[in-house]
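Some notes on the structure that comes next.
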Amino acid sequence: MSSSTTNDARIYMMLEDMLSVSRKETNVLMTRFRNARTERRKRRILEYARKYSVLNKIPDQIKHLDRLVHVTDTTCLANLRMDRNTFGKLCRILTERGGLKVAKCLGVEEQVAIFLGVLAHHNKNRAQQHLFWRSGATVSFYVNKVLGAVLSLHVDLLTPPVPVGDDFTDHRWKWFKGCLGALDGTHINVLVRSADKPRYRTRKGQIATNTLAVCNRNMQFVYFLPGWEGSAGDSRVLRDAVAKQNGFKVPEGCYYLCDNAYANSNGFLTPYKGVRYHLKEWGPGMAAPQNPKELFNMRHTKARNVIERAFAVLKMRWGILRCASFYPIKTQIRLIMACFLLHNFIRREMGVDPIEVELDETNPPVAVAEDIGANPYVNCVEPTAEWTSFRDNLALNMWNNR
């Protein structure tokens, strides 16, 4: 074997080790190296390979990941919205159940950190490239990879509802026996084609999707349905959720608290119309409830406020929900779903939610789950005389036992 051939083989192996990504790219550089007519041109090719070498970037990549997840909980919370222990559990679950695997040059921790950075701070692809020393194609590929893994765990991450029992002592919920939680709709800004903007425009002029969400007393989401146009009414979205084959299920005999955007029907308890309701109307200096309807509305809004707090915590935690993202609309909807699921995971694994602490709120007590699956489910959302009578009796009972 000639010395030139041996030298070419050595250079080829060096280029392959440095690039360590694509054999095709290595072959292209090797061809250019062989065709170079001057030593100066050959040196430039080798300098290019060293500049974009994967091996040269590894120390910076490891250093950045260590600073994110291995130094302090404060740094991990600020950047990834969860402490180090919770982040480790998430990586393990996504590996064992979600199908994530260690890539050739990318570990599971880094894949998940890239994805959480996009959700938490709405970082664009180029920002993640700079932070993690990765190519745009790599960032895009693993954002979608981790997104699919998170969504595949929706059965495990959604929280089963728990009805209020007879022995419940929480002053906000003890009046609503059989209540499972609260529901409401929220608008999340999205980016759509110009032709679709009229359908997604809300009454406030924003381009958004109307997302139905249902939460329990601990601000964990039981069900959510994103994707409806912003112009759709809340009651219409709820009817669609109940009518779906695998949609929103409310057991007979149980119900959720909701506002007057919905009908007072079996499974959905709304306040009285034309009566004081919002919390600010019951603040200091305001008159006490004067009749059963006012007392019912005051206690109803105190309990139903849990869904408003849940939305506030969710949007404070994930920056991508606070403004429209530059993804296709289907990907935007999938990212919204991932935010709901990861919110549940964080609430479940962390004893104290730092985002809720910022809101100066306290966690309500969590009851032990009961089996409510044996009852038939509500299959329509229409007001009935029986349900109106149920609300009147509940208000009268509150008034008599005040």
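The simple spin-label model puts a point 7 Å past each Cα toward its Cβ; for E358 and N401 those points are separated by 3.9 nm. Mean separation of Cα pairs under 8 Å and 6 or more residues apart, divided by the residue count, gives segment 56-152 a relative contact order of 27 percent.
Estimated at 0.36 nm per residue, the fully extended path between L191 and K273 surpasses their Cα-Cα distance by 26.0 nm. Between N379 and C105, the FRET efficiency estimated from the beta carbon spacing at R0 = 56 angstrom works out to 0.60.
Using a/c under 1.5 as the rounded threshold, could you call segment 225-305 rounded, prolate or oblate? The axes a ≥ b ≥ c are square roots of the C-alpha gyration tensor eigenvalues, and prolate needs a/b larger than b/c, oblate otherwise. In terms of gyration-tensor shape, prolate. Quote the FRET efficiency, to the nearest 0.05, computed for Q206 versus A287 with a Förster distance R0 of 35 Å and r equal to the Cβ-Cβ distance. The calculated FRET efficiency here is 0.45.
Subtracting the Cα-Cα distance of R236 and D392 from 0.36 nm times their residue separation leaves 53.6 nm of extension gain.
Ranked by how many other Cβ atoms sit within 10 Å of their own Cβ, fewest first, the residues F296, F311 fall in the order F311, F296.
The simple spin-label model puts a point 7 Å past each Cα toward its Cβ; for A78 and D166 those points are separated by 5.3 nm.
Strictly over 20 Å apart at the Cα level, which of K89/K145; K204/K244; K104/K124; K145/K330 would you flag in this model? Violating the 20 Å limit, Cα to Cα: K204/K244; K104/K124.
Farthest towards the positive end of the charge dipole of segment 157-400, among the residues L269, G351, W228, is the Cα of W228, using unit charges on the Cβ of Lys, Arg, Asp and Glu. Computed from point charges on the beta carbon alone (+1 for Lys and Arg, -1 for Asp and Glu), the dipole magnitude for segment 90-246 about its Cα centre is near 600 Debye. Out of H154, N216, G205, whose Cα points farthest toward the positive end of the dipole of segment 153-219 (charges: +1 Lys, Arg; -1 Asp, Glu; placed on Cβ)? Among H154, N216, G205, the one farthest towards the positive end of the dipole of segment 153-219 is G205.
Using R0 = 51 Å, the C-beta based FRET efficiency linking R32 and T331 works out to 0.85. I'd like to know which of C339, I307, L396 lies farthest towards the positive end of the charge dipole of segment 157-400, counting +1 on Cβ of Lys and Arg and -1 on Cβ of Asp and Glu. My answer, from the dipole projection, is C339.
Using a ≥ b ≥ c from the Cα gyration tensor of segment 56-152 (square roots of the eigenvalues), is it rounded, prolate or oblate, where a/c under 1.5 gives rounded and otherwise the larger of a/b and b/c decides, a/b for prolate? Rounded. Applied to segment 229-243, the Karplus parametrisation 6.51 cos²θ - 1.76 cosθ + 1.60 on θ = phi - 60° returns per-residue 3J(HN,Hα) values of 5, x, 6, 6, x, 4, 5, 5, 5, 5, 4, 5, 5, 5, 6 Hz, with x for Gly and Pro. If a/c stays under 1.5 just call it rounded; otherwise compare a/b with b/c (prolate if a/b is bigger, oblate if not). Do that for segment 192-254, with a ≥ b ≥ c from the square roots of the Cα gyration tensor eigenvalues. Prolate is the answer for segment 192-254, as a/c is 1.5 or above and a/b outweighs b/c. Put in line by how crowded their Cβ is, counting other Cβ atoms within 10 Å and starting with the fewest, L68, L131 read L131, L68.
No lab work stands behind these numbers, since they all come straight from the coordinates. If you're wondering where the values come from, they're calculated on a predicted model, not measured in any experiment. Cβ atoms come from the backbone with ideal geometry, glycine included; neighbour counts cover every protein chain shown.
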